[in-house]
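Computed from the coordinates by the stated procedures, all read-outs in this text should not be read as laboratory data. The shown structure was predicted, so the numbers you read here are calculated from the model rather than taken from an experiment. Counting neighbours? That spans all protein chains shown, and the Cβs are built from the backbone with ideal geometry, glycine included.
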Amino acid sequence: MRRLALLCALSVSLPALAQTAQRGTVYCCTDNGHQVCGDVLPPQCFGKSYREMSPQGTVRRVVEAPLTPEQLARKEAEERERRAEIARQRAEMRRNQSLLETYSSVADIDARRDRAIEGVQSELKRGEAIQAQLQKKRAGLLREAEFYQKRAMPAALAASIRDVDSEIATQSLVIDSKRKDIESIRNRYEQDRSRYIALTEARNSPPNSR
């Protein structure tokens, strides 16, 4: 019934196309509430959605109207977001696979963390020992400087105090850096540990429990 109605509409609105339509494609669109058809795309259909139909009234293809600049910009933004999400998921899969290949167990993660921290702690202890020596040297220089409260301090002594103060400041930066390194190692391995547990539990859980 629908096809018959469409054919009737075509025969009423486009009597001049009866012969050409028998051999080719009919293009139809809706313009101001009225159906417009032709054996080539009618001007009224430019910029609108239209249908490509057989002479028997069968819709072969629907061509959507061109996107407006706003719609095109939105579509491009959505496509960028889609590609970014795919890239993020792929990167996460690579990280997960690398994590599973790097560690053999949770105990392995803990052992590697402890070894990494141990190496930095050794450097930290050396830095703290140097700092203690510098503080001791500075205390001796200050005691020597007490003899010159009422007279000019020798230039060499003043220079020595400035030098040791500079060394102490530098060593303080080194010590602070080592402490931050230790904290960073702890955090990194803790993240690896948590992720490894989640991945292995998901991999080993029965399919019907996921």
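Here are the numbers for this structure:
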| quantity | calculated |
| --- | --- |
| Aspartates and glutamates with Cα under 14 Å of residue 125, excluding same-chain neighbours fewer than 8 positions away | 176, 181 |
| Local net charge near residue 30, Cβ-Cβ under 12 Å (Lys/Arg +1, Asp/Glu -1) | +1 |
| Cα coordinate range in the chain, projected on the principal axes (Å, largest first) | 121, 56, 24 |
| Protection proxy ranking of 79-92, 101-114 - average other beta-carbon atoms within 10 Å, highest first | 101-114, 79-92 |
| Reach of residue 48 by Cα under 23 Å, taken over lysines that are not fewer than 8 positions away in the same chain | 75 |
| Theoretical gain in end-to-end length, residue 188 to residue 137 [0.36 nm per residue, Cα-Cα removed] | 14.5 nm |
| Cβ-derived FRET efficiency at R0 35 Å, residue 77 paired with residue 98, nearest 0.05 | 0.65 |
| Hull-based mean projected area of the stretch 119-210, where the convex hull spans the alpha carbons, in square nanometres | 8.1 |
| Contour minus Cα-Cα distance for residue 155 and residue 201 (0.36 nm per residue) | 9.6 nm |
